[in-house]
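First the structure, in the form of structure tokens, and then the observations on it.
The values are calculated or read from the model by the stated rules, or taken from the named source; none is laboratory data. These numbers come from a predicted model, not from an experiment. Cβ coordinates were reconstructed from backbone atoms using ideal geometry, including for glycine residues, and neighbour counts include every protein chain displayed.
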Amino acid sequence: MKTTFIEKLREPRPLLGTIVSLPSPELSELLSLIGFDWLFIDMEHGPLSIGDAQRMIQAVKTDCNTLIRVAENNPVLIKQALDIGADGIIVPLVNSGPEAREAVASARYPPVGNRSVGIARAHDYGLHFMDYIQRANQSVAVIIQIEHQQAVHNLDEILAVDGIDGVFIGPYDLSGSMNRLGDVFSDSVQAAIARVKAACVQKGIPVGLFMQQADRLPAELASGTRFVAVGTDTFFVWSGAGKVVEAFRAGLAG
Ligand code: 3PY
Ligand code: MG
């Protein structure tokens with residue numbers, strides 16, 4: 001059986017992921033083969049149906065974990081993401097303790113939470129039903145996003161909620177909430193990020209974050225970040241393909 005994302009978060013090595021937003025099973029397959037530890041399947045911003053997401057998960061090879069970012073903190077979306085067999089969920093814009101509690105409850109079967117039960121891919125369509133429902137509360141990762149200054153303000157009550165397996169910082173939405181949209185390296189946004197990281201490290205909660213580029217990875221990992229999503233599928237295409245177009249145009253000009 002695949003190592004769960006939660007188990008991997010307990011290992012000493014940091015985990016490398018990337019955001020996948022295109023409904024292509026082949027692309028997810030390829031990214032897993034390239035060696036990413038986990039894929040961040042983006043149903044908040046990507047044009048993905050739940051069927052697309054299921055096929056992307058099915059295509060993944062290797063020990064690569066798949067986490068679905070649901071469109072919002074909503075029990076139906078969380079239930080569907082887990083039923084198709086995601087290794088975990090990422091819940092955007094969790095801004096308070098009660099919101100964090102709701103996210104956790106939606107992902108956990110009773111008596112811990114209120115996730116409902118149905119026949120689905122997560123337990124091989126019922127073939128391994130009892131086995132799955134007995135271990136799901138321990139094996140499915142609940143990652144909440146802290147990405148608003150309100151969440152930074154409510155950090156202590158959010159991090160006090162039981163059952164959060166990790167915190168994923170969204171620098172871009174955080175920058176927007178601080179009137180610095182897109183200016184993720186400004187002093188104020190970086191100070192807020194540092195505050196969230198320090199609180200997570202102090203409480204022993206694995207902290208992760210999105211980075212557009214890999215150039216700051218060494219500093220990021222040295223600061224206690226346990227899991228990162230670097231780049232996006234579309235960014236890899238435009239950055240790689242863009243260089244070829246540039247070289248071609250330079251060749252014509254020269
Ligand atoms: C953000 O930067 O807002 C994100 O959610 C990145 O994943
Ligand atoms: Mg965001």
>> Suppose we filter ALA198, ALA194, ALA222 for residues that are closer than 25 Å to GLU44 by Cβ, free of Cβ contacts under 8 Å to residues at least 40 places away in the same chain and away from ligand 1 (no atom under 15 Å from the Cβ); which single one remains?
In response: ALA194
> Only one residue in VAL244, VAL142 is of a type in the set (A, V, I, L, M, F, W, C) and touching a helix residue (DSSP H, G or I) at 6+ places or on another chain (Cβ under 8 Å), so which one is that?
Replying inline: VAL142
> Across region 57-76, which residue is surrounded by the most Cβ atoms within 10 Å (Cβ to Cβ) among those that are closer than 29 Å to SER177 by Cβ and more than 16 Å from ligand 1 (Cβ to nearest atom)?
Replying inline: ASN65
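Output the residue which, of all residues in region 30-56 that are among the aromatic types (Phe, Trp, Tyr) and more than 16 Å from ligand 2 (Cβ to nearest atom), is surrounded by the fewest Cβ atoms within 10 Å (Cβ to Cβ). First the steps, then the outcome.
First, pick out the residues of region 30-56 that are among the aromatic types (Phe, Trp, Tyr): 36, 38, 40.
Narrowing the set further to residues that are more than 16 Å from ligand 2 (Cβ to nearest atom) leaves 36, 38.
Details: PHE36: 22, TRP38: 27.
Ranking the candidates gives PHE36 first.
So which of PRO12, PRO25 is farther than 23 Å from LEU93 by Cβ, at pLDDT below 95 and more than 16 Å from ligand 2 (Cβ to nearest atom)? Don't jump to the end; show me each part of the working.
On the way: PRO25 fails: at pLDDT below 95.
Matching residue, one of PRO12, PRO25: PRO12.
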>> Which residue is nearest to PRO75 (Cα to Cα), if the candidates are limited to region 106-134 and must be hydrophobic (A, V, I, L, M, F, W, C) and in contact (Cβ under 8 Å) with a residue 12 or more places away in the chain?
In response: ALA107
> Got a sec? Which strands (runs of 3 or more DSSP E) wholly within region 34-131 have at least 2 residues that are in contact with a Lys or Arg (Cβ under 9 Å, 6 or more places away or on another chain) and either under 24 Å from SER24 (Cβ atoms) or among the hydrophobic types (A, V, I, L, M, F, W, C) (or both)?
Replying inline: 38-42, 88-91
> Between a first residue in region 12-32 that is part of a helix (DSSP H, G or I) and a second residue that is surrounded by fewer than 17 Cβ atoms within 10 Å (Cβ to Cβ) and of a type in the set (Val, Ile, Thr), which pairs have beta carbons less than 7 Å apart while being 6 or more apart in sequence or on different chains?
Replying inline: SER32/THR62
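Identify, from the list VAL140, VAL161, VAL117, the residue that is away from ligand 1 (no atom under 16 Å from the Cβ), within 21 Å of MET1 (Cβ to Cβ), over 18 Å from the mean Cα position of the chain (by Cα) and aliphatic (A, V, I, L, M). Reasoning before the result, please.
Working: VAL140 fails: over 18 Å from the mean Cα position of the chain (by Cα); VAL161 fails: within 21 Å of MET1 (Cβ to Cβ).
When all the criteria are applied, what remains is VAL117.
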>> When you check ASP124 against the structure, is it more than 16 Å from ligand 1 (Cβ to nearest atom), farther than 24 Å from HIS153 by Cα and out of contact with any Gly (no Cβ under 8 Å at 6 or more places or on another chain), yes or no?
In response: yes
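Any idea how many residues of region 34-55 are touching a Pro at 6+ places or on another chain (Cβ under 6 Å) and closer than 19 Å to VAL91 by Cβ?
Here is the first cut: in region 34-55, the residues touching a Pro at 6+ places or on another chain (Cβ under 6 Å) are 44, 48, 52, 55.
Filter once more, so that each one left must be closer than 19 Å to VAL91 by Cβ: 44, 48.
Looking only at that region, the number is 2.
For region 143-158, which positions are touching a Gly at 6+ places or on another chain (Cβ under 7 Å) and either within 13 Å of ligand 1 (Cβ to nearest atom) or not hydrophobic (A, V, I, L, M, F, W, C) (or both)? It would help to see each step written out before you state the result.
Taking region 143-158 first, the residues touching a Gly at 6+ places or on another chain (Cβ under 7 Å) are 143, 145, 147, 154, 157-158.
If the condition is that a residue be touching a Gly at 6+ places or on another chain (Cβ under 7 Å) and either within 13 Å of ligand 1 (Cβ to nearest atom) or not hydrophobic (A, V, I, L, M, F, W, C) (or both), then ILE143, GLN145, GLU147, ASN154, GLU157 are the ones that fit.
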>> Is it the case, given these coordinates, that VAL184 is more than 17 Å from the chain's Cα centre (by Cα) and farther than 21 Å from ILE50 by Cα?
In response: yes
>> Kindly evaluate ASP173 against the criterion of being at pLDDT 95 or above, exposed (fewer than 14 other Cβ atoms within 10 Å of the Cβ) and under 21 Å from ILE78 (Cβ atoms).
In response: no
>> Checking MET130 against (1) closer than 19 Å to ILE84 by Cβ; (2) surrounded by fewer than 16 Cβ atoms within 10 Å (Cβ to Cβ): exactly one of these is not met. Which one?
In response: (1)
